[in-house]
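Here the structure is laid out as structure tokens; the discussion comes afterwards.
The values are calculated or read from the model by the stated rules, or taken from the named source; none is laboratory data. Here the structure is a predicted model, which means the values were calculated and not measured. When we count neighbours, we look across all protein chains shown, and the Cβ atoms used for this are built from the backbone with ideal geometry, even at glycine. We work out accessible area using only protein heavy atoms, side chains counted, and drop any ligands, DNA or RNA first. Shrake-Rupley method; radii C 1.70, N 1.55, O 1.52, S 1.80 Å.
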Amino acid sequence: MPVLLRRAMTVIAVVIMMGLCCVVTADAGDKKDALHKINHIVVLYQENHSFDNLYGLWEGVNGLNKAHIPQIGQNGIVLGCLPQVDVNLLSPEPLPVTCSYHGYGHNIDSHFTNALFPIDDFISPKDNTCPKPDDKSENGIAKGNGESGGCTMDLDHRFYQEIYQIDGGKMDRYVVGSNAAGLTMGYYNTKRLPIYVYLHAKGHPNYVIADNFFQAAFGGSFLNHQWLIAAKTPLWLEAVNDGSKADLHAVVDLNGMPKNTPLYASPTKEALKDNPLTASCYPGEGRNSTPPTVVCGDYAVNTIQPGAWPYNPKADKDSMRLPPLTYPTIGDRLNDAGVDWAWYSGGWASAEGDNTQPGYTAGNGPSCPESAIKGSSWPKCPDRLFQFHHQPFNYFAAYAPGTEARKKHLRDEVEFIQLAKSSKHKHCNLKPVSFVKPLGNENEHPGYSSEWNSNAHLIDLIKAVENSVCARDTMVIVAYDEFGGQADHVTPPDAANSKGPYDQWGPGTRIPVLIIAPNLRNKFAIDHQEHDTTSIMATIAHRFNLVPLGSRDEKVEDLSTVFNAKKSYEQQKK
């Protein structure tokens, strides 16, 4: 090849490479610039659904069209049918037997094959299956015996069980690892949900669905709320470790399971315990040896009450409650930077006993109303569906009762709605950062909350922002804290497939997330970037120039990726 030609080709190659570099840099710069035009971040933190369960039929997503993973039994053999436990899904009553499977230790007569199924075909939004206050039915409420809303039973969503259910990324043990058995394979018709209808109506705000977003930690709400604000699993220093009733460590079998289920029988004869703390690394006499592959120590991973009020009155002993935590949270980082923020919780004012806050509903005393938890003493009157473990900042000494930080930053959801709705003309009254946690009957939690009614409340919160002047510079992040025990087909980040950070705590199952913001490229797009719950904290930190709290939120991709999200597959075809 002539020298001049080689030189010319080299120059062209360099130019092309520089051009590609510049395009990438420009995109990266564009999304960061778009994030810094956001002056308010609102996090609406909902409850307990996997992505496939709730958003699996949203057009263009990695959803139910790719989601069939046959579930196996404890013996590793694929189940011939799905056994059900929810009273409204049983056979032969109320549903006829259309699938029978007898063999390999199972005798199953069911209406359901081993596949995903639409819950709302069997339990509709109008069915009276939601529990009345203080109703503790474990397997759901039979139609006609509850309140309207189409509730199912609650499903296990615990630390060790989720690890077992994920099965090293195979995603095939949700059924065998759950108290709810086949219900784990149920899903809602996405296109019937109020939020889907709202975001497909004329004049809807621009939005992005994040279809590769995972809960930060294995397990339930308590731990994922902690990771949302601190990117860390709480450690109970010097926790009791003697096997007594005061010992809150879990006890697991050789498979890492802390309990039996309808399809799982532990191979060990020793008693199992699905307790709040991780299994002991040094269990001592009278307890199983913790398998070397199981996370152990004095870490709080399952629901545990805070040391400070409000907490469940039944946890009246200090030994039952987690001592106040002292490491920093995202709230502390925001305080250090002079950025105002608040955690707005439904029912907080009444639970706290602060009748000066908007949202206080406990009257003038001298006793609490009937809607309060039994045993409450006025003016501290928590609603029967107020969830104490959904208040993560209340676990920290920096926000202890009587502190100015608590009074300023822990507020009632009603106040958030008032601030949003009062934002008119050119001034947005919202704080730069707002976390919003609805009350139990409005947070979408299976078992005690109607999916459709709670979903409608979510729209009310979104509208409060979008119908105000705040919409011009506010990013609204709708995220679910964890999977609620429901199946998903996408393997969480791990050593084999992750592009982002992971550790012994997670990430766990994929969850639904949608983002509404100004300056998005399209009316609707899908963000396929890998994220986990700490991406929310990273987004806040990058917007307000905060120091990371841990290795996960330091390395994870923030949500500025939504500003580069592409159109859905269906839109591209058009």
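With Cα atoms as the point set, the radius of gyration and Dmax of the stretch 128-276 evaluate to 19.2, 62 Å. The stretch 347-385 and the stretch 60-107 have Cα centres separated by 44 Å. Hydrodynamic analysis of the stretch 423-511 uses the Kirkwood radius over alpha carbon pairs. Inserted into Stokes-Einstein at 25 °C and 0.890 mPa s, it gives a translational diffusion coefficient of 154 µm²/s.
Could you tell me the relative contact order of the chain? Use alpha-carbon pairs under 8 Å, at least six residues apart, and round to a whole percent.
Details: 1306 pairs, mean separation 130.1, N = 574.
In percent, rounded to a whole number, it is 23.
Applying 0.36 nm per residue to the separation of Glu404 and Ser124 and subtracting their alpha-carbon distance, the gain on full extension is 96.2 nm.
For the stretch 415-574, take the alpha-carbon Rg, divide it by the Kirkwood Rh, and send me Rg/Rh. In the stretch 415-574, Rg relative to Rh is 0.97. Of the residues Gln84, Pro392, Pro518, the one whose Cα sits farthest toward the positive end of the charge dipole of the chain, with +1 on the Cβ of Lys and Arg and -1 on the Cβ of Asp and Glu, is Pro518.
Along the Cα-to-C-beta direction of Ala265, a point sits 7 Å from the Cα; which residues of the stretch 92-113 have their amide N less than 15 Å from that point? Residues passing the 15 Å test: 103-108.
Ordering of 305-316, 172-183 by packing is 172-183, 305-316, highest average first (other Cβ atoms within 10 Å, averaged per residue).
What a 1.4 Å probe finds exposed on the stretch 330-462 is 49% carbon and sulfur by accessible area, rounded to a whole percent.
Summarise the accessible area of the stretch 105-222 (1.4 Å probe, protein heavy atoms) by the percent that is carbon and sulfur.
Carbon-and-sulfur percentage of accessible area, whole number: 45.
Quick one: putting +1 on the C-beta of Lys and Arg, -1 on the C-beta of Asp and Glu, what dipole do you get for the stretch 246-361 around its Cα centre, in Debye to the nearest 20?
400
A simple spin-label model places pseudo-atoms 7 Å from Cα toward Cβ; at Lys555 and Asp460 they are separated by 4.2 nm. Shape class of the stretch 59-105 from the alpha-carbon gyration tensor: oblate, with a/c at 1.5 or above and b/c at least as large as a/b. Computed from the Kirkwood radius of its Cα pairs, the Stokes-Einstein diffusion coefficient for the stretch 242-282 at 25 °C and 0.890 mPa s stands at 230 µm²/s. Rg then Dmax, both in Å and based on the Cα atoms of the stretch 313-387: 15.3, 43. When Rg and the Kirkwood radius Rh are both evaluated on Cα atoms of the stretch 228-310, their ratio Rg/Rh stands at 0.99.
Taking every protein chain into account, the accessible area of the chain amounts to 41 square angstrom per residue (probe 1.4 Å). Take the solvent-accessible surface of the protein heavy atoms, probe 1.4 Å, and return the percent of it on the stretch 30-79 that carbon and sulfur atoms account for. Result for the stretch 30-79: 52 percent of the exposed heavy-atom area is carbon or sulfur. Between Thr361 and Arg472, the contour length at 0.36 nm per residue exceeds the Cα-Cα span by 36.7 nm.
Computed on the Cα atoms alone, the convex hull of the stretch 62-174 gives a volume of 135 cubic angstrom per residue.
The simple Förster model, with R0 at 51 Å and r as the Cβ-Cβ distance, assigns Glu138 and Lys566 a FRET efficiency of 0.70.
Once Lys and Arg get +1 and Asp and Glu get -1 on their Cβ, which of Val208, Gly484, Leu439 lies farthest toward the positive end of the dipole of the chain? Towards the positive end, the residue furthest out is Val208. Its Kirkwood hydrodynamic radius, worked out from the mean inverse distance over all distinct Cα pairs, puts the stretch 104-164 at 13.8 Å.
Put a plus charge on the Cβ of each Lys and Arg, a minus charge on the Cβ of each Asp and Glu, and nothing anywhere else: the dipole of the chain about its Cα centre is then about 1740 debye. A straight chain from Ala397 to Asp340 at 0.36 nm per residue would run longer than the Cα-Cα distance by 18.6 nm. With no solvent and one point per C-alpha, what does the Debye sum give as log10 I(q)/I(0) for the chain at q = 0.06, 0.08 Å⁻¹? Values returned for q = 0.06, 0.08 Å⁻¹ are -0.31, -0.55. Taking a ≥ b ≥ c as the square roots of the eigenvalues of the Cα gyration tensor of the stretch 330-428, is the shape rounded (a/c under 1.5), prolate (a/b larger than b/c) or oblate? Judged from the Cα gyration tensor, the stretch 330-428 comes out oblate (a/c at least 1.5, b/c at or above a/b). When both bridge partners sit in the chain, DSSP labels roughly 45% of those beta bridges antiparallel. Applying a length cut-off of 18 Å (Cα extent along the axis) and a mean Kyte-Doolittle floor of -1.0 to the DSSP H helices of the chain leaves 3-36, 451-466.
Magnitude of the charge dipole for the stretch 226-299, about its Cα centre and with charges confined to Cβ atoms of Lys, Arg (+1) and Asp, Glu (-1), is about 200 debye.
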